[in-house]
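Reading through the structure tokens given below for one structure.
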């Protein structure tokens, strides 16, 4: 089955992490968390944010950026960022791509930014600079899945 992953780099807001869990569970794609998180990984708080989807998400936690890179050596890592001119709408996604979202307040450090295979942005109305990280991830995941031809049957919909 065709697959992409969503990865969150050192997330700061547990509610966004919970929303990403719901998103990836519903889309049938894995979620990778690159630690450390800036919040205490409290299972009860995460469970409240992710609701009953937490048991359905394919969650992979990585202790560091280096560990994450080693785990996924050979796969394309596509950074979702406001610091790019490459629109996700003009990009060709491939099976196996990993979509990487940075911290809500700071994005990713330069060494992470430069080590990604592509840097993609969402075109927005003039004068506006960013949106909620999970909303942005949802948009890009939708396009990536459309391109790799996911269907309801292939993601295990009931």
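The values are calculated or read from the model by the stated rules, or taken from the named source; none is laboratory data. Small disclaimer: the values here were computed from a predicted structure and weren't measured. As a convention, Cβ positions derive from the backbone with ideal geometry for all residues, glycine included, and neighbour counts pool all protein chains shown.
In table form, for the structure just shown:
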quantity	calculated
Hey, residue 78 part of a strand (DSSP E or B), under 20 Å from residue 23 (Cα atoms) and touching a helix residue (DSSP H, G or I) at 6+ places or on another chain (Cβ under 7 Å) or not	no
Leading residue by the ranking (surrounded by the fewest Cβ atoms within 10 Å (Cβ to Cβ)) among those in the stretch 52-73 that are part of a loop (DSSP other than H, G, I, E, B) and at pLDDT 95 or above	73
Verdict on residue 97 being within 22 Å of residue 22 (Cβ to Cβ) and either touching a helix residue (DSSP H, G or I) at 6+ places or on another chain (Cβ under 6 Å) or modelled with pLDDT of 95 or more (or both)	yes
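Yes or no, residue by residue, for (1) under 17 Å from residue 30 (Cα atoms); (2) surrounded by 12 or more Cβ atoms within 10 Å (Cβ to Cβ); (3) without any contact (Cβ under 8 Å) to a residue 24 or more places away in the chain; (4) out of contact with any strand residue (DSSP E or B) (no Cβ under 8 Å at 6 or more places or on another chain):
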site: 78; (1), (2), (3), (4): yes, yes, no, no
site: 86; (1), (2), (3), (4): no, yes, no, no
site: 94; (1), (2), (3), (4): yes, yes, no, yes
site: 97; (1), (2), (3), (4): yes, yes, no, no
site: 105; (1), (2), (3), (4): no, no, no, yes
site: 110; (1), (2), (3), (4): no, no, yes, yes
